[in-house]
Amino acid sequence: MHGFHTKVSSNGRIIIPAQFRKELGIKAGDEVVISKSDNGEIRITSFEYALRRLQELARGKPMGTEELFKMRREETI
């Protein structure tokens, strides 16, 4: 994996490099999921990928709607 150096603006905005947006299919106005790990990393994931991942996790075991929503909330925190 390769990274880019960028700055955070005064209002907290960052720029996702064009190469990453292109590779992930992220376009202006698209929703993304931002999560933080316990070791201080921040992950930005396309909404479509996050949704597919959640669906794959749900296929592994039967669960109710409330459990799915809980998993989704925890994933985005």
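The values are calculated or read from the model by the stated rules, or taken from the named source; none is laboratory data. What you see is a predicted model; the values in this text were computed from it and never measured. Cβ sites come from the backbone with ideal geometry, for glycine too, and all protein chains shown count toward neighbours.
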Among residues of the stretch 1-22 being part of a helix (DSSP H, G or I) and among the hydrophobic types (A, V, I, L, M, F, W, C), the residue farthest from the chain's Cα centre (by Cα) is ALA18
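If we scan the stretch 40-49, do we find a residue that is in a loop (DSSP other than H, G, I, E, B) and at pLDDT below 85?
Let us first name the residues in the stretch 40-49 that are in a loop (DSSP other than H, G, I, E, B), namely 40-41.
Still in the list and also at pLDDT below 85: none.
Scanning the stretch 40-49, I find no residue that is in a loop (DSSP other than H, G, I, E, B) and at pLDDT below 85, so the answer is no.
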Subset of the stretch 23-39 (residues that are in a loop (DSSP other than H, G, I, E, B) and farther than 21 Å from ARG73 by Cβ)
GLY25, ILE26, LYS27, ALA28, GLY29
For the stretch 12-25, state whether one or more residues are at pLDDT below 85 and either at positive phi or hydroxyl-bearing (Ser, Thr, Tyr) (or both).
no
